[in-house]
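S.K.: Handing you this structure, nothing more for now.
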Amino acid sequence: MPIVTYILRDGERREIDVPVGTSVMEAAIQHNVRGIDAECGGCLSCATCHVYVDATSTAELAPPDDSELELLDGVATERRPESRLSCQLVVVAAMDGLVVQIPARQG
Ligand code: FES
């Protein structure tokens, strides 16, 4: 299974085997990764699943679509070029090595 690394607010790193077809948000919730709130459950309406793709990430990601880009305008912390909504990052094999940072706050 692809491995996704979550860097928590305190710097702790959590490496999780994520089944293909599971979103980065869903895997975080299932493994009690702190800092991804996902208030809407992944229906692309809350922006509380914001993450930053870390510069060390080796994953190949599809670019965000227009709906994700629009919602990223409403994130609670600074929006950066590497900002993504983790509910939209559905894991495929090419995403092995993905490293995401949890922002300081979600709401
Ligand atoms: S979980 Fe609400 S937008 Fe991602």
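What follows draws every value from the coordinates through simple rules; no lab data is involved. It should be emphasised that the depicted structure is a prediction, and the values quoted were computed from it without experimental measurement. Neighbour counts are summed over all protein chains in view; Cβ atoms, including those assigned to glycine, are modelled from backbone coordinates with ideal geometry.
S.K.: How big is the charge dipole of the chain about its Cα centre, in debye rounded to the nearest 20, if each Lys and Arg gets +1 on its Cβ and each Asp and Glu gets -1 on its Cβ?
M.R.: I would put it at about 320 debye.
S.K.: Where does each of Glu68, Glu82, Glu26, Glu15 land when they are ranked from fewest to most other beta-carbon atoms within 10 angstrom?
M.R.: Listed from fewest to most nearby Cβ atoms, that is Glu15, Glu82, Glu68, Glu26.
S.K.: With a Förster radius of 22 Å, plug the Cβ-Cβ distance of His31 and Met1 into 1/(1 + (r/R0)^6) and report the FRET value to the nearest 0.05.
M.R.: After rounding, the FRET efficiency stands at 0.95.
S.K.: Tally Lys and Arg at +1 and Asp and Glu at -1 over the other residues with C-beta under 14 Å from the C-beta of Pro81: what net charge comes out?
M.R.: Taking every Cβ under 14 Å from that of Pro81, the sum is -2.
S.K.: How long is the gain from Thr56 to Thr77 if the chain were fully straight, where each residue apart is worth 0.36 nm and the alpha carbon distance is subtracted?
M.R.: 5.5 nm
S.K.: Can you tell me the Rg and the Dmax, both Å, for the Cα atoms in region 3-101?
M.R.: Calculated on Cα positions, Rg and Dmax stand at 12.1, 32 Å.
S.K.: Which loop-located trypsin sites (Lys or Arg not before Pro) does region 21-107 contain, where loop means any DSSP state but H, G, I, E or B and the Cβ has at most 16 other Cβ atoms within 10 Å?
M.R.: Of the trypsin sites (Lys or Arg not before Pro), the ones in loops of region 21-107 whose Cβ has at most 16 other Cβ atoms within 10 Å are Arg34, Arg79, Arg105.
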